[in-house]
1. Each residue of the stretch 26-34 in turn: what ³J(HN,Hα) in whole Hz from Karplus with 6.51, -1.76, 1.60 and θ = phi - 60°, glycine and Pro shown as x?
2. Suppose every Lys and Arg Cβ carries +1 and every Asp and Glu Cβ carries -1, with no other charges. What dipole size does the chain come out with about its Cα centre, to the nearest 20 debye?
3. Using amide H atoms built in the peptide plane, which far-off residues or other-chain residues are under 5 Å from residue 153 H to H?
4. Over the stretch 1-108, what is the relative contact order in whole percent, taking alpha-carbon pairs under 8 Å and six or more residues apart?
5. Over the Cα atoms of the chain, what radius of gyration and what Dmax do you get, in Å?
6. Given all pairs of different Cα atoms, what value in angstroms does the Kirkwood hydrodynamic radius of the stretch 33-83 take?
7. May I ask you to evaluate 6.51 cos²θ - 1.76 cosθ + 1.60, the Karplus curve with θ = phi - 60°, for each residue of the stretch 67-77 and list the ³J(HN,Hα) values in order in whole Hz, giving x for glycine and proline?
Amino acid sequence: MELVQYELYRDRMQTGDALLFAGRGVVSRIIQWRTHSPYTHVAMIVRWKFHQTERVFLCHATAQFGVHPVPASRYLAQHQGEAWWVPLDHDAAAKRMPEYRPKLLDASSLDFGRFYDTRGIGQFLVPRLFRQQQDRRFCSEAYASWLNAIGLSQETFVSPGSFIAQPIFTEKMWLG
């Protein structure tokens, strides 16, 4: 995907915001069909400052690597499909938890290396055959757990579309 829209919004993106994705592959189509949502993946934006350089990363869970950070521009450049930026309502978040940004960083980094919850995804597809694995995470499950850990949400088992429908998020903006 081209990064033109991402570059326009990049400086406004903050820790806690979401990036939503709609893939084009077979698995993405199945997730869209089963969840009744156009979205197939969600990741949390984090801003980290290293020395004098600030970088924008995505913290998310993928089947290949489990829970991990990746530079946002790298992930977006290789993504086949569409993406949207969905800002967190930062004023509301700060009222509920003044130190929410560093706490979100802590909560997400504690999950780095955690395995992907393939059974949780299976539960979306065939609920009678699969159960969530408490020691693993899929994308929206991971993000929900980080918001839950600091008191900004009470969601647990959610799809990317239902997750960003929470009132803690604002209007989405198309990235490409």
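Each reported figure results from applying straightforward, stated rules to the coordinates on display, with no laboratory input. Quick caveat: nothing in here was measured; it's all calculated off a predicted structure. So basically every Cβ, Gly included, is an ideal-geometry build from the backbone, and we count neighbours across all protein chains shown.
1. Once θ is set to phi - 60°, the couplings for the stretch 26-34 become 4, 4, 4, 4, 5, 4, 4, 5, 6 Hz.
2. Values: 20 positive and 16 negative charges, 86 e Å.
My answer is approximately 420 debye.
3. When sequence neighbours closer than 5 places are left aside, the close amide H contacts are 148.
4. Numbers: 152 pairs, mean separation 34.8, N = 108.
Relative contact order, the stretch 1-108: 32 percent.
5. In Å, with Rg to one decimal and Dmax whole: 15.2, 51.
6. Numbers: mean 1/r = 0.0804 Å⁻¹.
With all distinct Cα pairs of the stretch 33-83 included, I get 12.4 Å.
7. With coefficients 6.51, -1.76 and 1.60, one gets 7, 6, x, 8, x, 4, 4, 5, 5, 5, 4 Hz.
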